[in-house]
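Here's the structure we're looking at; comments come further down.
The values are calculated or read from the model by the stated rules, or taken from the named source; none is laboratory data. Since we're looking at a predicted model, the values are computed, not measured. Please note: Cβ atoms are built from the backbone with ideal geometry, for glycine as well, and neighbour counts cover all protein chains shown. Remember, those area values only see protein heavy atoms, side chains included, never the ligands or the DNA or RNA. Shrake-Rupley method; radii C 1.70, N 1.55, O 1.52, S 1.80 Å.
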Amino acid sequence: ILNFAAESHVDFSITNPAIFIETNVLGTQYLLECAQSFGIKKFVQVSTDEVYGSLKPEESGFCEDHALKPNSPYSASKTSADLLVRAFVKTYGLNACVTRCSNNYGPHQDTSKFLPKIITKALSKEEIPVYGKGDQIRDWLFVKDHVEALFRVLEKGQKGEIYNIGGNNERTNLEMVRLILKKLGRSESLITFVEDRKGHDFRYAIDSTKIKQTLGWEAEQDFEALLAKTIRFYQS
């Protein structure tokens, strides 16, 4: 079992945290119980870098033993699920791993997510809302790279281990908006700064050393080409 299932929109977790607990915590519990009962050979919990909280600009990227400091109901629910997986490994001997990835991008992503929202609004020449000053920093990971990493963990990941999966590509939100507008030939006048999100984490960054050294995985680095591929998908 690879458990991708989750409520994942941080804004929605702020207005309706209960459904995040139901899906992300109780849902994971049910799956773990089924995996244990039916003798599932491997369970991989797909988690997020948001469980670690926020970093300052000068700090090193999150490694697997970084303290868990979730700052939103979404990240708190994912943290709880991660700890349930740990408990099932330690208590019942379940063969399970946890992966924690940075922000995904690529074709087919739901248009409520950050990059697809920017792209589709830019294509329609609509205003593009940017939280605060847009100086929040995220690490961007192409979806195909993420999938390949997950298959490495499914095939070779060791029982009870956590694997961070990052794109090694940190950029501010405003930088991403401006880059997309430039690629689409749209004016930066579409940018509208709005009130910042409650509890908004400033920076995420992933240290992927462990998965590189133990499972031989590394992210593709041609960000410009992969972003262009993503934009073409929404154009079509």
Cβ-Cβ under 9 Å pairs, at least 6 apart or on other chains, the stretch 117-146 side within 26 Å of Pro57 (Cα to Cα), far side open to solvent by less than 40 Å² (accessible area, probe 1.4 Å) and among the basic types (Lys, Arg): Gln136/Arg203; Ile137/Arg203; Arg138/Arg203; Asp139/Arg203
task: Give the residue that is farthest from Tyr92 (Cα to Cα), with candidates limited to residues of the stretch 6-42 that are open to solvent by 60 Å² or more (accessible area, probe 1.4 Å) and small (Gly, Ala, Ser).
output: Ala18
- request: Kindly list, by first and then second residue, each pair from a residue in the stretch 150-171 that is without any contact (Cβ under 8 Å) to a residue 40 or more places away in the chain to a residue that is among the acidic types (Asp, Glu), limited to pairs with Cβ atoms under 9 Å and residues at least 6 apart or on different chains.
  value: Glu170/Asp139; Arg171/Asp139
task: For the stretch 54-69, indicate whether the set of residues that are hydrophobic (A, V, I, L, M, F, W, C) and more than 20 Å from Tyr204 (Cα to Cα) is non-empty.
output: no
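Being aliphatic (A, V, I, L, M), modelled with pLDDT of 95 or more and outside any loop (DSSP other than H, G, I, E, B), is that true of even one residue in the stretch 56-68? Please lay out each step first, then the result.
Narrowing the stretch 56-68 to residues aliphatic (A, V, I, L, M): 67-68.
Okay, now just the ones that are also modelled with pLDDT of 95 or more, so 67-68.
Then drop every residue that is not outside any loop (DSSP other than H, G, I, E, B), which leaves none.
Within the stretch 56-68, none of the residues are aliphatic (A, V, I, L, M), modelled with pLDDT of 95 or more and outside any loop (DSSP other than H, G, I, E, B).
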message: If I ask for residues that are open to solvent by less than 20 Å² (accessible area, probe 1.4 Å), of a type in the set (Val, Ile, Thr) and either over 30 Å from Lys156 (Cα atoms) or not in a helix (DSSP H, G or I) (or both), which ones from the stretch 77-136 would you list?
response: Val98, Thr99, Ile118, Ile119, Ile128, Val130
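Please find, among Tyr74, Tyr52, the residue that is among the aromatic types (Phe, Trp, Tyr), open to solvent by less than 40 Å² (accessible area, probe 1.4 Å) and out of contact with any helix residue (DSSP H, G or I) (no Cβ under 8 Å at 6 or more places or on another chain).
Working: Tyr74 fails: out of contact with any helix residue (DSSP H, G or I) (no Cβ under 8 Å at 6 or more places or on another chain).
Exactly one residue qualifies, and that residue is Tyr52.
In the stretch 176-213, how many residues are without any contact (Cβ under 8 Å) to a residue 40 or more places away in the chain and either over 22 Å from Ile119 (Cα atoms) or loosely packed, with under 13 Cβ neighbours inside 10 Å (or both)? Lay out the reasoning, then the answer.
Looking only at the stretch 176-213, we keep the residues that are without any contact (Cβ under 8 Å) to a residue 40 or more places away in the chain, and these are 178, 182, 185, 187-189, 212-213.
Cutting the leftovers down to either over 22 Å from Ile119 (Cα atoms) or loosely packed, with under 13 Cβ neighbours inside 10 Å (or both) gives us 182, 185, 187-189, 212-213.
Of the residues in the stretch 176-213, 7 are without any contact (Cβ under 8 Å) to a residue 40 or more places away in the chain and either over 22 Å from Ile119 (Cα atoms) or loosely packed, with under 13 Cβ neighbours inside 10 Å (or both).
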Odd one out for Gly160, checked against (1) at pLDDT below 95; (2) over 17 Å from the mean Cα position of the chain (by Cα); (3) closer than 30 Å to Gln29 by Cβ: (1)
message: Looking at the stretch 224-236, I want the residues that are open to solvent by less than 80 Å² (accessible area, probe 1.4 Å) and have a partner that is hydroxyl-bearing (Ser, Thr, Tyr) and assigned to a helix (DSSP H, G or I) with Cβ atoms under 7 Å, at least 6 apart or on another chain. Which pairs are those?
response: Tyr234/Thr120
